[in-house]
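The values are calculated or read from the model by the stated rules, or taken from the named source; none is laboratory data. These figures come from a predicted structure and were not determined experimentally. No Cβ is skipped: glycine too gets one built from the backbone with ideal geometry, and neighbour counts run over all protein chains shown.
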Amino acid sequence: MASGVKPRVKAPKKASAGEVVTIKTLISHKMESGQRKDSSGNVIPRSIINRFTCDFNGQNVVDVVLAPAISTNPYFEFEATIPEAGDLKFTWYDDDGDVYEETKSVAVG
Amino acid sequence: MKFKAMTAIAALLFAPAAFAGGADDDTLVVNGDIEMTTKAPAPAHLDGALDEIISGWHFRSDETQQLQTDDFENQGMIFVDQAMDIWNTAEGSEGKACADCHDDPADSMTGVAATYPKWNEDAGEVRTVQMQVNDCRVNRMGADAWKYDATDAISMEAMIASHSRGMPVNVAIDGPAAEAWEKGKEIYYTRYGQLELACASCHEENYGNYIRADHLSQGHINGFPTYRLKNAKLNGAHSRFKGCIRDTRAETFSPGSDEFIALELYVKSRGNGLSVEGPSVRN
Amino acid sequence: MDFTRRDTLALGAGATAMALLPLSAVAQADPNAELVGAPDEFLAGADAGTGDLTLTAPEIAENGNTVPISIDAPGAVEVRVYALGNPTPGVAAFRFGPLAGSQAASTRIRLAGTQDVQAIAKMADGSYQTAMKTVKVTIGGCGG
């Protein structure tokens, strides 16, 4: 699933120190559950994103374990506290070993 | 939410009481900015067959409706992003990208989805957006034509449609397009398959009623391509037509066939006056 | 309106043939199941209280492929979500770090059919909270 995987993140570019901001993330991924069969009756192997993390300047915001019951194109919405200016780092871990990363800078002022 | 009178068909099928069948009265605004016309007086050519035309958006649950109100929630927009990459990538023997001729689609493609399918004078045929894109690919770029409703083709169609969102559908049905339009109309009212169902059987005579646990809409295509939760991808109008005709247990026409081009023109014209919503989100 | 007996029977028969489930009902071993696991494994014999964990899910989901859910548990360190009627019940585990703005999150999940969705929160003091919602999953009318 290394091709066609595209992370999207919606986070504010600016916040005041200590502000709680809402973050939305979406990544294009089939999330093949391992429960389906192809037309010849063979089980289609599981291929999912199994973990998603969000950190800010190296400190964790949220760390999610995903099972195959998470829908195609995994979506998460959550809140982060922004103590100072810095970078939000988002990481998605694929079953096949691929890691997808996205970074969003947040200014404080 | 309004209940329409239960007919034999609805009574036969399972209808949970908490799930009203008719169109609701919500309003659709996308990104807090694009105000959609989702109900409009029926165009004159319908000749009273419908009083009011209603977008399929109104027949969906609140949770599904909400997905279309924000481009971040609308998963169809993932494919719009991917189509933008294709737009900017040179392909074919001429080494050209879409962007080389058409610059920014936010300018050059505005209004296109509102008026297609459209008569092309030089080619002497009614053309859909996908046909026009393929004409560019083959004749200007020297690239291979995309298969009808294939991922790249439908993503590109969705991207082009996204730049007409909020504009009223207004396809021409007279002049040289009239012949295809009449052909499409005939298909719309023809009963197909072992179940002997026409498009009109469900979407004109029974919209607002249930087919099993699902609502029947008026079947407009102002929201196509549409991201369906069912298969988690963009779906083209021709593929939807094919699915419907197959469900009547008939041999279907193929996406891209003359029959479906004519039907697309006719069905699109039934929604003249509704806003372009593509890519919409549906069940 | 006029609907003949023939039309009515035909529609019913056609609709029956059109069912497609989002997930096969056939269970199979899930290599990563233990990462989220089942409710009993997470609770490990402890009792779970109610009131400090809110689970939001639609009463009726139009399509089991994409069901929006939210959890909110102020003071939780971890919240796990289970779909008790799926082939494997684990859905997701949310661990909240020091910079979490709240112990709340939303996502979209797959439900193989009408069933109970359960969330369990492990609170900072080691106690547990739980919340349950029944989600009815409708089966679409047309195969598409």
Discussion item. Here is a check on your reading of the model: is A:Tyr75 more than 7 Å from chain C (Cβ to nearest Cβ) and under 10 Å from the mean Cα position of the chain (by Cα)?
Written reply: no
Item to complete: Report the residue count in region A:9-43 for those that are in a strand (DSSP E or B) and more than 30 Å from A:Val106 (Cα to Cα).
Response: 3
Discussion item. Testing C:Ile139 on (1) surrounded by fewer than 22 Cβ atoms within 10 Å (Cβ to Cβ); (2) in contact with a strand residue (DSSP E or B) (Cβ under 7 Å, 6 or more places away or on another chain), one condition comes back false. Which one is that?
Written reply: (2)
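Name the strands (runs of 3 or more DSSP E) wholly inside region B:172-283 in which the number of residues that are among the hydroxyl-bearing types (Ser, Thr, Tyr) is 1 or more.
On the way: elements: B:226-228, B:233-235, B:280-282.
By residue number, B:226-228, B:280-282.
Could you say whether any residue in region B:245-261 is under 25 Å from B:Gln65 (Cα atoms) and crowded, with 24+ Cβ neighbours inside 10 Å? Even if it seems obvious, please write down each step before you answer.
Pass one, region B:245-261, residues under 25 Å from B:Gln65 (Cα atoms): none.
No - not one qualifying residue is present in region B:245-261.
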Item to complete: From A:Thr81, A:Thr91, A:Thr22, grab the single residue that is more than 7 Å from every other protein chain (Cβ to nearest Cβ), at pLDDT 95 or above and surrounded by 16 or more Cβ atoms within 10 Å (Cβ to Cβ).
Response: A:Thr91
Discussion item. Contact list please: Cβ distance under 7 Å, first residue in region B:156-179 and touching a residue at least 12 places away in the same chain (Cβ under 8 Å), second residue part of a loop (DSSP other than H, G, I, E, B) and surrounded by fewer than 17 Cβ atoms within 10 Å (Cβ to Cβ), pairs at least six apart or on different chains.
Written reply: B:His163/B:Thr110; B:Ser164/B:Thr110; B:Ser164/B:Gly111; B:Met167/B:Gly111
Worksheet entry | So B:Arg246, is it within 14 Å of chain C (Cβ to nearest Cβ) and either at pLDDT below 95 or more than 21 Å from B:Leu50 (Cβ to Cβ) (or both) | yes
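Looking at A:Lys13, A:Lys37, A:Lys104, which is the one that is out of contact with any Pro (no Cβ under 7 Å at 6 or more places or on another chain) and either surrounded by 15 or more Cβ atoms within 10 Å (Cβ to Cβ) or of a type in the set (Val, Ile, Thr) (or both)? Even if it seems obvious, please write down each step before you answer.
Details: A:Lys13 fails: either surrounded by 15 or more Cβ atoms within 10 Å (Cβ to Cβ) or of a type in the set (Val, Ile, Thr) (or both); A:Lys37 fails: either surrounded by 15 or more Cβ atoms within 10 Å (Cβ to Cβ) or of a type in the set (Val, Ile, Thr) (or both).
Checking each option against the conditions leaves just A:Lys104.
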Discussion item. As an exercise: evaluate A:Asp96 against (1) more than 19 Å from C:Ser106 (Cβ to Cβ); (2) in a loop (DSSP other than H, G, I, E, B); (3) within 11 Å of chain C (Cβ to nearest Cβ) and give the number of the one condition it does not meet.
Written reply: (3)
Practice prompt. Tell me, please, whether a residue that is crowded, with 19+ Cβ neighbours inside 10 Å and touching a strand residue (DSSP E or B) at 6+ places or on another chain (Cβ under 8 Å) can be found in region B:90-113.
Written response: yes
Worksheet, complete the sentence: Going through (1) over 15 Å from the mean Cα position of the chain (by Cα); (2) under 20 Å from B:Glu52 (Cβ atoms); (3) small (Gly, Ala, Ser) one by one, B:Ala178 fails only at (2)
Worksheet item: In region A:44-59, how many residues are charged (D, E, K, R) and not in a loop (DSSP other than H, G, I, E, B)?
Response: 2
Worksheet item: List pairs: first in region C:95-110 and closer than 17 Å to A:Val21 by Cα, second of a type in the set (Gly, Ala, Ser) and in a strand (DSSP E or B), Cβ under 6 Å, 6+ apart or cross-chain?
Response: C:Leu99/A:Ala80; C:Gly101/A:Ala80; C:Gln103/C:Ala76; C:Ser106/C:Ser70
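Matching residues to (1) within 11 Å of another protein chain (Cβ to nearest Cβ); (2) of a type outside the set (Gly, Ala, Ser); (3) more than 30 Å from B:Ser61 (Cα to Cα):
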site: C:Gly45; (1), (2), (3): no, no, yes
site: C:Glu62; (1), (2), (3): yes, yes, no
site: C:Val67; (1), (2), (3): yes, yes, no
site: C:Gly75; (1), (2), (3): no, no, yes
site: C:Ala83; (1), (2), (3): yes, no, no
site: C:Val91; (1), (2), (3): yes, yes, no
site: C:Pro98; (1), (2), (3): yes, yes, yes
site: C:Gln103; (1), (2), (3): yes, yes, no
Discussion item. For region B:138-171, which positions are part of a helix (DSSP H, G or I), under 14 Å from the mean Cα position of the chain (by Cα) and of a type in the set (S, T, N, Q)?
Written reply: B:Ser155, B:Ser162
Practice prompt. Name every residue in region B:216-275 that is over 23 Å from B:Thr64 (Cα atoms), free of Cβ contacts under 8 Å to residues at least 24 places away in the same chain and small (Gly, Ala, Ser), in order of residue number.
Written response: B:Ser257
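Residues checked against (1) of a type in the set (Ser, Thr, Tyr); (2) buried (at least 21 other Cβ atoms within 10 Å of the Cβ); (3) modelled with pLDDT of 90 or more; (4) assigned to a loop (DSSP other than H, G, I, E, B):
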| site | (1), (2), (3), (4) |
| --- | --- |
| C:Leu9 | no, no, no, no |
| C:Met18 | no, no, no, yes |
| C:Glu34 | no, no, no, no |
| C:Gly64 | no, yes, yes, yes |
